Structure formats: C-alpha cells, structure tokens
Amino acid sequence: MTTEQARRAAPSPMVFPFPVPGEQVRLAYRELHIAINGTEEQKKALGNHALLPRPWEPGTCPDPELRRQLWEWFEDVVAWLNREYTWDVAGLIPSCWPLHPHLVHEIAVLADQRRRARLAMTSDALEEWHRYCLPAFTDRMRNRLRAHCDDEHKSWPAKPRHNEHLGEASTQRRENAFAHDVDALLDNRRAHEQPEPVGRPRLVEVDLDTGEIKDEPLGSQPRTRTEKGPRI
C-alpha cells in the first residue's frame, strides 16, 4: 500500500470540535461568570469588576501567561475556521492575521461568540452565529484586505496617511478645532446666564389663604397714615 493509499484509508472525523482555550483563559471566563452570577461575597472577592480581563478584548488581558494562551487559542480558532467553514480561497483568514490589528479584534469577538454558542443548551445561539456573526466577519475581512495578502503579507497601505494624521500640522489643526468648539460653548453659556441680583434679597410676606404678595417687605416698619378729622 502506498503512502497516498494509506492516507486515504486512515479514518478521519467529518468535523472537528471547536478549540478549547487554555487554563488561564478559562479562568478569566470563570471570573466573569462569577461577577454576573456569583454570591455577593464571591463578587466582592473579585475586586474591581471593571478591571477583570475580557478575552474578547485582548487589550484587557495584560497578564503575560494569559495573553500567550489567548494568542494560542485564536491561532487554533483560525485554523479551525479555515478548515471547517471555508471552501473558496477568498474566504480564508490569511496566515499573517496577527499582523492585522483589525483581524485580531474581529477574531477575538468571533471566537468568544462561538464559545458561547457551544456552551448553550439550545442551538439558537449557534444559528445566530452561522446566520449573522460569521458571514459579517467574512464580508468585513474581504472588504478590508481585498487582495493585499493573497500571496504574502503586504505592508500597511494606509500607513503614510496615518503618519500624516499624527503629524504636527494635522494635530495642531485638530486641536484648534477642539478649542474653537469649547470656546463657542463657553460664549453661549455666558450669553444665557442670568445676571446676579443686586443688593440683599428682598423678603416679602405672602397671604397663605389668597396667595397675595403684600407690598411691605418682611422686617420693615409698617406704613403710617395720617388720619384727618372732619373739617369744621
């Protein structure tokens, strides 16, 4: 039997399971689950929940070991996606995906959504992933990459424009626009401010039965009237 015949005869599964992340990534997910569903004591033990790592946002995962396992998981997910869901070469995630920040962000969310669908007790989440999440990702990837990395990785086409954006002249122009907007708001606020009352506040007496405001301020001396008698 030749090598090719042996390869064809070797049993192979029809589909491969979705990759499972490493221990540190699973721990991050477990802590997020506790932050939502745990007891008050468990939630308090986690500290500031805003600082918990979120695997779908790699920038929130500063721990080196967690970050390493996250990249390994994404690498397995990409290989799995290319094998299980891609037939035409135009839909393949390129091998240089780590050099494309837009793909890193997208793959992180795609992997997280697929993980959630795998853990669901019904097929609804997986149907949503098939119907919306995966096709939308593929369309955005094709639109952004076009044919730049079909054969090998190409440098960032927009890099010169990005450098111009960060240049001193462009930065100053934007800062001037920001300052002009803030000054306009301050001028508008000043124009609508009510003038401060002059002198001490004037307290008046109100008739609680009729609601009438009396003329004499509180604390002032009552007016005196000179009574004139009848003329003789």
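Here segment 28-94 is assigned +1 on the Cβ of each Lys and Arg and -1 on the Cβ of each Asp and Glu. Its dipole about the Cα centre then comes out at about 180 debye. In order along segment 32-44, the phi-based Karplus estimate (6.51 cos²θ - 1.76 cosθ + 1.60, θ = phi - 60°) of 3J(HN,Hα) comes to 5, 5, 5, 4, 9, 10, x, 6, 4, 5, 5, 5, 5 Hz; Gly and Pro are listed as x.
Give the dimensionless ratio obtained when the Cα radius of gyration of segment 72-153 is divided by 2.2 N^0.38 Å. It would help to have the intermediate numbers written out before the result.
On the way: Rg = 12.8 Å, N = 82, 2.2 N^0.38 = 11.7 Å.
For segment 72-153, the normalised Cα radius of gyration comes out at 1.09.
Across segment 44-142, the relative contact order, built from alpha-carbon pairs under 8 Å that are at least six residues apart, equals 25 percent. For E205, the residues whose modelled amide H falls within less than 5 Å of its own, excluding neighbours fewer than 5 places apart on the same chain, are K214, L218. With semi-axes defined as the square roots of five times the eigenvalues of the C-alpha gyration tensor, the equivalent ellipsoid of segment 134-173 measures 29, 14, 5 Å, largest first. Along segment 152-158 the Karplus relation, 6.51 cos²θ - 1.76 cosθ + 1.60 evaluated at θ = phi - 60°, assigns HN-Hα couplings of 7, 5, 9, 5, 5, x, 8 Hz to successive residues, with x for each Gly and Pro.
A short reminder: the numbers here are calculations on the coordinates, not readings from a lab. All values reported here derive from a predicted model rather than from experimental measurement. Methodologically, a virtual Cβ is constructed for each residue, glycine included, from the backbone with ideal geometry; neighbour enumeration extends over all protein chains shown.
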